[in-house]
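**Q** My structure is below; once you've seen it, I'll send some questions.
The values are calculated or read from the model by the stated rules, or taken from the named source; none is laboratory data. Everything quoted here is computed from the prediction, not taken from an experiment. For neighbour counting, all protein chains shown are included, and Cβ atoms are generated from backbone atoms with ideal geometry for every residue, glycine included.
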Protein chains: 2
Amino acid sequence: MARTGRRPGNVDTRAQILAVARAHFAELGYDGVSLRGIARTAGVDPALLHHYFAGKSALFAEVMQLPVDPAVALPMALRGPLEGLGERLVRFFLGLWESPDTRPQMLTWFRSSLATEEGAQRLREFVTREVLSRVIAAVPAEQRSPRRTALVGAHLAGLGVGRYLIRLGPLAEATVDQLVADVGPVLQHYLIAPLPDEDGLA
Amino acid sequence: MARTGRRPGNVDTRAQILAVARAHFAELGYDGVSLRGIARTAGVDPALLHHYFAGKSALFAEVMQLPVDPAVALPMALRGPLEGLGERLVRFFLGLWESPDTRPQMLTWFRSSLATEEGAQRLREFVTREVLSRVIAAVPAEQRSPRRTALVGAHLAGLGVGRYLIRLGPLAEATVDQLVADVGPVLQHYLIAPLPDEDGLA
């Protein structure tokens, strides 16, 4: 299906894949999209799609203009001793917002995701599959809790909302180091510490 | 504008416009709503809608008669022993969302607040003046921290986003009691516990 005249590196082909991907993600959500389906609609060989994009999350990151592909960036952020996991997570998350180059992308992504049911579904599926699954895998198996891991995501989302969208004064004025010191231990608590009502059910 | 010629039927018309507006805001977010569309669904002339409401933001403000007046409800929620403050706060917040009567209002309020700079400003001023000021006043003076109190607000906002807007599976499926047990101690930690880098600067 890689048709005549289309060479790898063809800007138009790449743009066409992205246009199709944008439509598919918007229509089908994250989980409903397949790279094969995008390739078919775009009229390109799946191998060519993989030549341009490392995977579904990379394609989604490009379509949504995310600053990073979590499949690449998260493993780097999570790597390290277990006791610093919470702090590394919040520092990584804040870093996505702190750069003037990437903050507009984060703002747009958050706003569009929260504005509609379709956006919320897309965010839910993407975060569950590409983000939270990686975060929970960094925790020893016997201490994993999907609910507490989701609370980590919720807390980070709230931090992004509070500091960058709503800009509550004390959060907007805080330094990254202050927020890492405040929030890191709380994320660590959610990720690692067993809570009184937790006995592996969650 | 309360003119002499007003018939009792006008009250119903006004209430009907508000009911339609509430549904539209909940469904479409703030930007997606048009007064023309509300008038059409309500079966009234757009000029009549303008007779009752100065504009979209005025209509929204009235629709957003929040489920509770924080000046009344928050002191009740905050009252009690200091050690249960975090749990009472999260239970109060979740209560605003759990009722089918008030959840659409909360959804609309969150969505509209996060969609635009104007909404963000409105939320920031409202939360700072009417909510966080009351929460921090419930903490002994020497342990108050505007930044940690703002983190309480950010965490609750994230919980609302994660459970009710994005509907992350483990948060959407949790019981209120589970979330109170999870999040209450964390809010208590932010509100009360001195953190290593806290020395009254924040």
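**Q** Please go through segment A:140-157 and give me each residue that is surrounded by fewer than 23 Cβ atoms within 10 Å (Cβ to Cβ) and either free of Cβ contacts under 8 Å to residues at least 12 places away in the same chain or over 23 Å from residue B:154 (Cβ atoms) (or both), ordered by number.
**A** Passing the criteria: A:140, A:141, A:142, A:143, A:144.
**Q** Follow-up. Residues that are under 26 Å from residue B:60 (Cβ atoms) and within 7 Å of another protein chain (Cβ to nearest Cβ), at least 3 per element: which helices (runs of 4 or more DSSP H) completely within segment B:106-181 meet that?
**A** B:117-126, B:146-160
**Q** Tell me whether segment A:25-34 contains one or more residues that are closer than 27 Å to residue B:154 by Cα, more than 15 Å from the chain's Cα centre (by Cα), surrounded by fewer than 17 Cβ atoms within 10 Å (Cβ to Cβ) and in contact (Cβ under 8 Å) with a residue 24 or more places away in the chain.
**A** There is no residue in segment A:25-34 that is closer than 27 Å to residue B:154 by Cα, more than 15 Å from the chain's Cα centre (by Cα), surrounded by fewer than 17 Cβ atoms within 10 Å (Cβ to Cβ) and in contact (Cβ under 8 Å) with a residue 24 or more places away in the chain.
**Q** Go through (1) in the same structural domain as residue A:130 (by TED's automatic domain parsing); (2) within 30 Å of residue A:137 (Cα to Cα) for residue A:100 and report which single condition fails.
**A** (2)
**Q** Moving on to the next point. Scan segment A:56-71 and report the pairs whose first residue is within 13 Å of residue A:105 (Cβ to Cβ) and whose second residue is among the charged types (D, E, K, R) and not in a helix (DSSP H, G or I), with Cβ atoms within less than 7 Å and a gap of 6+ or a chain change.
**A** Here the result reads A:61/A:69, each pair linking segment A:56-71 to a residue that is among the charged types (D, E, K, R) and not in a helix (DSSP H, G or I).
**Q** When residue B:61 is evaluated against the numbered criteria (1) closer than 19 Å to residue B:160 by Cβ; (2) exposed (fewer than 15 other Cβ atoms within 10 Å of the Cβ); (3) modelled with pLDDT under 75, which criterion, by number, is the only one it fails?
**A** Unmet condition: (1).
**Q** Quick one: how many residues across segment B:70-113 are of a type outside the set (Lys, Arg) and under 12 Å from the mean Cα position of the chain (by Cα)?
**A** Number satisfying all stated conditions: 17.
**Q** Are any of the residues in segment A:38-51 of a type in the set (Val, Ile, Thr), without any contact (Cβ under 8 Å) to a residue 24 or more places away in the chain and crowded, with 18+ Cβ neighbours inside 10 Å?
**A** Within segment A:38-51, one or more residues are of a type in the set (Val, Ile, Thr), without any contact (Cβ under 8 Å) to a residue 24 or more places away in the chain and crowded, with 18+ Cβ neighbours inside 10 Å.
**Q** Right, something else. Within segment A:40-68, how many residues turn out to be touching a Phe, Trp or Tyr at 6+ places or on another chain (Cβ under 8 Å) and not in a helix (DSSP H, G or I)?
**A** Qualifying residue count, segment A:40-68: 3.
**Q** Ok, one more. Can you pull out the residues in segment B:171-188 that are without any contact (Cβ under 8 Å) to a residue 12 or more places away in the chain and closer than 21 Å to residue B:104 by Cα?
**A** The answer is B:172, B:173, B:174, B:175.
**Q** On to the next question. Can you work out which of the residues in segment A:104-163 that are basic (Lys, Arg) and touching a helix residue (DSSP H, G or I) at 6+ places or on another chain (Cβ under 7 Å) is farthest from residue B:173 (Cα to Cα)? Explain how you work it out, then say what you get.
**A** First, pick out the residues of segment A:104-163 that are basic (Lys, Arg): A:111, A:122, A:124, A:129, A:134, A:144, A:147-148, A:163.
Then keep just the ones that are touching a helix residue (DSSP H, G or I) at 6+ places or on another chain (Cβ under 7 Å); that gives A:111, A:122, A:134, A:144, A:147-148, A:163.
Values: A:111: 24, A:122: 19, A:134: 21, A:144: 17, A:147: 9, A:148: 12, A:163: 28 Å.
Among those that are basic (Lys, Arg) and touching a helix residue (DSSP H, G or I) at 6+ places or on another chain (Cβ under 7 Å), it is A:163.
**Q** Another question about this same structure. Which members of segment A:71-98 meet the condition of being crowded, with 17+ Cβ neighbours inside 10 Å, of a type in the set (Gly, Ala, Ser) and farther than 26 Å from residue A:55 by Cβ?
**A** A:86
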